[in-house]
1. I'd like to know which of 106, 126, 337 lies farthest towards the positive end of the charge dipole of the chain, counting +1 on Cβ of Lys and Arg and -1 on Cβ of Asp and Glu.
2. What is the dipole size for the chain, taken about its Cα centre, with +1 at each Lys and Arg Cβ and -1 at each Asp and Glu Cβ, in debye to the nearest 20?
3. Any idea which of 401, 429, 388 is furthest toward the positive side of the dipole for region 370-433, if Lys and Arg beta-carbons carry +1 and Asp and Glu beta-carbons -1?
4. Considering only 192, 464, 575, whose Cα is most displaced toward the positive end of the charge dipole of the chain, charges sitting on Cβ of Lys, Arg (+1) and Asp, Glu (-1)?
5. From the square roots a ≥ b ≥ c of the eigenvalues of the alpha-carbon gyration tensor of region 396-437, which class results: rounded (a/c under 1.5), prolate (a/b over b/c), or oblate?
6. Sorted by packing (mean other beta-carbon atoms within 10 Å per residue), highest first, where do 120-129, 512-521 land?
7. What is the gain in length, in nm to one decimal, between residue 217 and residue 42 on full extension, counting 0.36 nm per residue of separation less the C-alpha to C-alpha distance?
8. Quick check on packing: order 387-393, 434-440, 497-503, 602-608 by the mean number of other C-beta atoms within 10 Å, highest mean leading.
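Only the coordinates and a few stated rules stand behind these numbers; no lab work does. These numbers come from a predicted model, not from an experiment. Glycine gets a Cβ as well: all are built from the backbone with ideal geometry, and neighbour counts include every protein chain shown.
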Amino acid sequence: MIASVWVDDSAIVRAHTHVEGLRKNAFRCNVANMSFQTYTKTTSPADGPVRLKALRAQMQQDGLDGFIIPRADAHQGEYVAECDNRLAWLTGFTGSAGFCIALVETAGVFIDGRYRLQVKEQVDTAHFAPVHWPETKPAQWLKSQLKSGIIGFDPWLFTKGQIDEIERGLDGSEIKLRATENLIDAIWEGQPAPPQGGAEAHPLELSGESSTEKRKRIAQLLKDTGHSAAVLTLPDSICWLLNIRGSDIPRIPIVQCFAIFHDTGQTDLFIDRAKVAHMPADPDITEHDPGAFAEVLGRLTGTVRVDPQTAPLAVSHALSSADIAYADDPCILPKACKNETEIAGTRQAHMRDAQAMVRFLAWLDAQAPGSFTEIDVATTLEGFRAQTNALRDISFETISGAGPNGAIVHYRVTEETNRVVEDGDLMLVDSGGQYVDGTTDITRTIAIGQPTDEQRKCFTLVLQGMIAVSLARFPRGLAGRDLDALARAPLWRHGYDYDHGTGHGVGVYLSVHEGPQRISRISEVPLKAGMILSNEPGYYREGAFGIRIENLIVVQPAPDLGDNRDHLSFETLTWVPIDRRLIMTELLSPEERAWIDTYHAEIARRLDVSGAEQDWLTAATAPL
């Protein structure tokens, strides 16, 4: 019902039909009964010490003084298949970034500011010491623990850039790195098999550009730079280039594969053929068994382009007969700059998602404090999204954190941590959906009962930062690092801050975390029209509450104000009310107040709900 209201573009309907074929009706009948997320605890701190002992025995057998275990696979994706989740298997830590360095006498788990609380809950700190990273670099920590030694690493799980940085830090010491086989795989009994999800076409009605045209464009880029071929190891780059999608990784519709793309437009695709058994043949694409990847790399000649920040170091080792040119993956920037078709589809996906979010928020406000839990919140929201009859998956595990759990930035509720939502809590819900026409990601923080003045003040400071980015107008050529301070300035004035970036890139029915664009202190990539980003400042008070407000935005050319300067600005994609009960109006400037009232008025105009949900929406979008 909701999908029929918002998915009214004939191209989107045709594309959905093309992708789903005869399976569409069955999918729509069953999706409302699906559960995409589970709440079972997947790791235990108690497993870590036994596994660490086995790893140390393997280190001794291989003549190593240490071994580095990243949260990464050979594709360097943020999300990994179960067979590649070696860091979680060893340590119990399930965060989306980090690594462990296991030595004979100690082991450090390196985590950034998002996971300082989570790591304490998930690892046995008597055996694994949490290390604040990137404040403490791995080379720095190694030198503090060892005078000399050989540290092993799997070259398929590290990029050249990562290893170069560690080796520079170790320069002058007696500590050396050595590429080895993967020691975790040698001791992991019952390691899951690699994923075997099938591929499907992502049609022109949704991609806006055929794979043939994309390959022609990237081939010309290679010719212009004098590169005879480029090695592609990022699945989302390959999926974008070939206009395919898959199901190898939960939440991310990618196909795990490698490719060598030539300046002729020819592509060598290294993929299990069962995955593409139902895809039409293309004379310019030659399929190979994945096991042949290193061998074919060894036969390449000429100048071959390799991304030092995303390609495994093993790729460079395999290119024994070619000249290597280290440069960015040639698909990353074109993929990041969405075309009009992709942006139009993303707008539709966000309107559909907003409808589900409004129904959810109306439901949440109708619940009596103390009568529901964090899992109830997550499952109910997933149900409203499923009722759109268009949801393919959630775009990441829903973060549903009440009270002190909201202060855990990437909190994942389990049956063991599930908290009853009480009067006075702040309820932080960070969630999203994967739709065939777009990917969504939204965070709302909601007052349960009557909020305190302190909660309202902190919420308003976060909101001011989000509005500042939303209103930003900036010269073309500026990067995310140039805008990051806009979101933090209101918090800084009160001595507050947050330990994550302000925004990440987002794909179109691809990864909800996409590079190279982001709004971050360390992002040097210039923002360009068509880039989709999140805008999500936050504030977290350990043991008390967490606050985050997130909309998605897309970079667009800014109107000329008469000075003939080339500026960019942002278009808001997310249309869901912000909790007015948490806004301390007296802290807002007239411009900020006008932004909120205009935003809420536009939501009321765009969304079509009825009955009690319309009553809720009218109140939620009333002027301040």
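1. So the residue we want is 337.
2. Details: 59 positive and 84 negative charges, 61 e Å.
Here the chain has a charge dipole of around 300 debye.
3. 388
4. It is 464, whose Cα lies furthest towards the positive end.
5. Numbers: a/c = 2.47, a/b = 1.94, b/c = 1.27.
It is prolate, given that a/c is not under 1.5 and a/b is the larger ratio.
6. Numbers: 120-129: 16.9, 512-521: 21.7.
Top of the packing list down: 512-521, 120-129.
7. Details: separation 175, 0.36 × 175 = 63.00 nm, distance 4.37 nm.
The residue 217-residue 42 span can extend by a further 58.6 nm.
8. Values: 387-393: 22.0, 434-440: 27.6, 497-503: 20.4, 602-608: 15.3.
Result, highest mean first: 434-440, 387-393, 497-503, 602-608.
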